1. Any residue at all in region 211-229 that is within 24 Å of Val171 (Cβ to Cβ), assigned by TED's automatic domain parsing to the domain that holds Thr177, within 34 Å of the chain's Cα centre (by Cα) and touching a residue at least 40 places away in the same chain (Cβ under 8 Å)?
2. Restricting to region 75-108, and then to whatever is part of a helix (DSSP H, G or I) and in contact (Cβ under 8 Å) with a residue 40 or more places away in the chain, can you tell me which residue is surrounded by the most Cβ atoms within 10 Å (Cβ to Cβ)?
3. Just checking, does region 234-248 include any residue being in contact with an Asp or Glu (Cβ under 6 Å, 6 or more places away or on another chain), over 15 Å from Ile193 (Cβ atoms) and of a type outside the set (Lys, Arg)?
4. Among the residues of region 184-202 satisfying the criterion of being crowded, with 17+ Cβ neighbours inside 10 Å and within 18 Å of Asp244 (Cβ to Cβ), which is modelled with the lowest pLDDT?
5. Report, by residue number, each residue of region 238-249 that is assigned to a helix (DSSP H, G or I) and of a type outside the set (Val, Ile, Thr).
6. Take region 138-183 and flag every residue that is touching a Pro at 6+ places or on another chain (Cβ under 6 Å) and outside any helix (DSSP H, G or I).
7. Within region 249-302, track down each residue that is touching a residue at least 12 places away in the same chain (Cβ under 8 Å) and of a type in the set (S, T, N, Q).
8. I'd like the full set of residues that are loosely packed, with under 12 Cβ neighbours inside 10 Å and acidic (Asp, Glu), limited to region 213-242.
Amino acid sequence: MNKKNKGLKKLKNSQINTPHDKLFRKSMQIPNVAKEFLLMHLPCDIKNKIDYSTLEILPDTFIDETLRRSQVDALFKVKHDGHDLLIYILVEQQSQPDYTTPTRRLSYKSDIWASYIETHKNDLQKTLPPIIDLHFYTGSSPYTGPLSLADVAGDNADLIHQCIIQPMINVWAGDITDEQLKNHPWAATLEFIMNNRKNPDLREVVRKIAPNIRLFYLEDQNQFVLSLYTYIENVYSCNTPVEDFARIAGEEISTQAEEDIMTMAERIKHEGMIEVAHKLLKKKYDVTLVAEITDLPISELEKIKKTLH
C-alpha cells in the first residue's frame, strides 16, 4: 500500500509496541500461522476459493492513533476466484465492548479502499476489491458488543444499508430548468448562478434570475441577494466592470439591486484597502503615505496601527 496518502489514518509499525501487538503482528507474518487463522475463521464459501499461495500481509495499519494502545490490525491481500480480496483483522484488547466499533470499522475500511485506489491509480482496469472484516476479541469473556451497523442502527438499519450500497445522489447544476427556477426559486437560483460562472453574457444571467431576486427582496432576504451578487463579482469570468453590472441589475431587476451592488463594491474595495494598509503599516510605512495610497482616513489608519503593536 502507498504510504504517501496523507488522508489515511495510519501508524508506523514501530508505534505498535505492546506485547500483544508484537506477538500478533509477527505471527501473522508467518504464512502457516496466517493461513491457518483464516482457515479456522473465514466462512466456507470464501475460504474454499482462496489461493493461499498468493497470501501476503501488507505493511500498513489503519487504526485511529488514539486507540493504538488497545488495538492492533493486520491487512492481507490474496487472490479469490482470480481477483484481489482484502482481509482485515482487527484485534481488540479492551475489557469492555465498544459500541462505536461498527462505525470505526467502516472508517478503517474506507481508508483501506482509499489506499488501494491510490496504489492502483494507474491501472484503469482495476476494480475495488471486497474487504472481509474479522474482529479478533481478546477480552476475558465473549464479546457482546455490536458487530454491524445494523446492530446500532435500530429502525434505521434498512435505510442505512441503502445509503451505503446505493449510488450517491448526483446533482448537476447544469440541469436547472425554467420550471425549477419558477417552482423552487431559492435553491434553483443558487445552482443556476454557480453553474453560469463562465457565461460571458452577464445580462442573460441576470435577466434569467430577475423574478426570483425581486421575490427575495419582497421577503426581506437582502443578505441572500448580497451573497449571490458577491459570488458573481468574485467568481464570474465575464470581466464586466462593477458599474456595468450594477446598471444591468438596475435595468433587469430594480433600483434597489443597483444600489446594493454599488454598496457591495464599495465595501469590497474598502476591505481591500484595509488589507493593504495593514501590510504597509506593518512594514513601518508612514501613515500619511499609506493614506495617500489607500485613500483611507488617517484616523482609521491610526486605529489599525495600534492593533499591530
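The values are calculated or read from the model by the stated rules, or taken from the named source; none is laboratory data. Please read these numbers as outputs of a predicted model, since none were measured by experiment. Cβ: placed from backbone, ideal geometry, glycine included. Neighbour counts: every protein chain shown.
1. Within region 211-229, one or more residues are within 24 Å of Val171 (Cβ to Cβ), assigned by TED's automatic domain parsing to the domain that holds Thr177, within 34 Å of the chain's Cα centre (by Cα) and touching a residue at least 40 places away in the same chain (Cβ under 8 Å).
2. For region 75-108, the residue satisfying everything is Tyr108.
3. Yes: region 234-248 contains one or more residues that are in contact with an Asp or Glu (Cβ under 6 Å, 6 or more places away or on another chain), over 15 Å from Ile193 (Cβ atoms) and of a type outside the set (Lys, Arg).
4. Once the filter is applied, the top-ranked residue is Leu202.
5. Glu243, Asp244, Phe245, Ala246, Arg247, Ala249
6. Tyr143, Thr144, Gly145, Pro146, Ser148
7. Ser254, Gln256, Thr294, listed by residue number.
8. Of everything in region 213-242, those that are loosely packed, with under 12 Cβ neighbours inside 10 Å and acidic (Asp, Glu) turn out to be Glu219, Asp220.
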